[in-house]
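What follows is a set of notes on a single structure, which appears directly below.
The values are calculated or read from the model by the stated rules, or taken from the named source; none is laboratory data. On a predicted model such as this, the values are computed, not experimentally measured, just so you know. Here the Cβ positions follow ideal geometry from the backbone for every residue, glycine too, while neighbour counts run over all protein chains shown. Each accessible area value is taken on the protein alone, full model and side chains, heavy atoms only, with ligands, DNA and RNA left out. Shrake-Rupley method; radii C 1.70, N 1.55, O 1.52, S 1.80 Å.
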Amino acid sequence: MARVFNFSAGPSVLPEAVLKTARQDMLDYRGTGMSVMEMSHRSAAFSGIIEEAESRLRDIMNIPTHYKVLFLQGGASTQFAMIPLNLFQNHQKADFIITGSWSKKAAAEARRYGDANIVASSEDRNFSYIPELAGMTFSSDADYVHITTNNTIYGTAFHALPETGDIPLVADMSSNILSEQFDVSRFGIIYAGAQKNIGPAGLTIVIIHEDLIGRALDITPTMLNYATHAEKGSLFNTPPCYSIYMAGLTFMWIQEQGGLAAMEKRNREKAAILYDMLDNSKLFKATAEKESRSLMNITFTLPNDELTTTCLKEAEGEGFVTLKGHRSVGGLRASIYNAMPREGVEKLTQFLKRFENKHR
Ligand code: PMP
């Protein structure tokens, strides 16, 4: 079967070159006579894989040496607990900017261990925007400030960062890590589930300032303590070996593409193609407010459920799949992560125009 254009929000499309290399290595990884899936995580071959993956990630994100890179499990959702357990060091209090379901969940989990203070929220207009950052103030006694840089469900993204002064800024970057350049030194912690821009599910990446490691609350389970993993180079126990190998291939692919500057340029162009069409459409309506639009998840609606269903069905017939919007927004969502080729966005846009001409 031919490959489709897969607009899934996650797990999502991976670069074809990465999948082909994985296929090539499947039965015999570089003369070891075994698959990476069959390999001891203590072997020399796997040490090479994890070290290379980390060094490529450090290179593409320009990660300063006083930050640790951790390859963990548990998804971004486990970070919702791990962050307060490790960072509630002084006042057991954190500030949250609520921009969607994921930041709400992060706050709810933190609330189990201390205060989760909401400094701003865009829930009043169904999370269709990012709250105004200028003049926003944070609790002087907060242990961290949490944001979700890209809101996968609602199709919004931060285009500037809040000024948190000495308070560590913690960012859930699950759906836009590696899509554009970020200054890592602005953050205390960046975390992301791998299954969108990095590789297969099962791997969670944490990039953490060294000062935030080693002061976890006493109740913190060993496996949820950043120190456990930092001290052992993410090899305290069996890590998600194959997902780390795949992530390493994606990092190499990004380097070959010209790094994050090139990814960002391409992503801006791809998103503009779709948004321009939506802005000129009488049938489709982009749901996110213009200044807050995501480059990764493009959410839009049609006038009624019947047209939405027809549109999804016809799209699928033409090889554009997993376009159904999340139930809390409805309509359609095109997730156009790094690995979605420009051609996929162009062809989807042409399809949507044809659909509009037929149904207006
Ligand atoms: N945060 C964001 C922004 C997400 O998009 C998701 C999942 N789609 C999560 C957190 C939860 O991630 P996980 O399934 O890895 O726990």
So, residue 313, is that one without any contact (Cβ under 8 Å) to a residue 40 or more places away in the chain, more than 19 Å from residue 275 (Cα to Cα) and among the charged types (D, E, K, R) or not? yes
Could we say that residue 122 is closer than 27 Å to residue 7 by Cβ and either within 16 Å of the ligand (Cβ to nearest atom) or hydroxyl-bearing (Ser, Thr, Tyr) (or both) here? yes
Complete set of residues in the stretch 139-161 that are under 13 Å from residue 96 (Cβ atoms) and of a type in the set (Val, Ile, Thr): 145, 147, 148
For residue 112: the one exception among (1) over 17 Å from the mean Cα position of the chain (by Cα); (2) away from the ligand (no atom under 12 Å from the Cβ); (3) open to solvent by less than 70 Å² (accessible area, probe 1.4 Å): (3)
Would you please name the residue that is most open to solvent (accessible area, probe 1.4 Å), looking only at residues in the stretch 68-90 that are of a type outside the set (A, V, I, L, M, F, W, C) and within 15 Å of the ligand (Cβ to nearest atom)? 73
Members of the stretch 276-326 found to be of a type in the set (Val, Ile, Thr) and surrounded by 14 or more Cβ atoms within 10 Å (Cβ to Cβ), listed by number: 287, 298, 299, 301, 308, 310, 321, 322
